[in-house]
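Here the structure comes first, spelled out in structure tokens, and everything after it is commentary.
The values are calculated or read from the model by the stated rules, or taken from the named source; none is laboratory data. Values in this document were obtained by computation on a predicted structure and should not be read as measured data. Here the Cβ positions follow ideal geometry from the backbone for every residue, glycine too, while neighbour counts run over all protein chains shown. To get the accessible areas, we keep the full protein, side chains included, count just its heavy atoms, and leave off ligands, DNA and RNA. Shrake-Rupley method; radii C 1.70, N 1.55, O 1.52, S 1.80 Å.
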Amino acid sequence: QLQASGGGLVQAGESLRLSCAASRRIFSEYAVGWFRQTPGTEREFVAAIGRSGGIVYADSVKGRFAISRDNDKNTVYMQMNSLKPEDTALYYCAATRTIITAPTPKTAADFRSWGQGTQLTVSS
């Protein structure tokens with residue numbers, strides 16, 4: 001199971017860190033990604049970190065967001081800086097078990113397990 005947390009209400013330009021905690025004992029064998037969704041839109045890829053540490057970002061967040069993982073704590077973090085009103089969304093984390101040589105997945109269909117979302121609202 002995955003539990004996303006850390007969302008909230010911030011002003012544009014501020015920072016926030018999301019956490020995705022997993023209950024799996026072999027968390028290190030999973031790629032973990034973050035997606036976001038606003039009402040009436042498709043779920044959008046934000047960032048992902050692979051089993052071997054490979055990282056991919058959506059162009060819209062490159063240079064502002066940073067994803068990292070702590071396998072000892074079964075947790076993936078996403079540090080979000082220079083937040084913009086357009087970052088407002090419900091953020092979901094997702095995980096999928098992969099082989100160590102697999103490329104980091106970055107589409108919703110690649111991920112098998114999903115957590116509940118955490119809401120981020122960025123005011124202008």
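Figures for the structure shown
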{"quantity": "Ellipsoid semi-axes in whole angstrom, largest first, where each is sqrt(5λ) of the Cα gyration tensor of the chain", "calculated": "23, 14, 13"}
{"quantity": "FRET efficiency, residue 119 to residue 24 (Cβ-Cβ, R0 22 Å, nearest 0.05)", "calculated": "0.35"}
{"quantity": "Around residue 71: net Lys/Arg minus Asp/Glu count, Cβ-Cβ under 10 Å", "calculated": "0"}
{"quantity": "Of all accessible heavy-atom area on the chain, the percent that carbon and sulfur account for (1.4 Å)", "calculated": "47 percent"}
{"quantity": "In nm, spacing of pseudo-spin labels at residue 42 and residue 60 (7 Å Cα→C-beta vector)", "calculated": "1.2 nm"}
{"quantity": "Accessible surface, segment 20-122, averaged per residue in Å² (probe 1.4 Å)", "calculated": "50 Å²"}
{"quantity": "Size of charge dipole - the chain - debye, nearest 20, with Cβ of Lys, Arg +1 and Asp, Glu -1, no other charges", "calculated": "320 debye"}
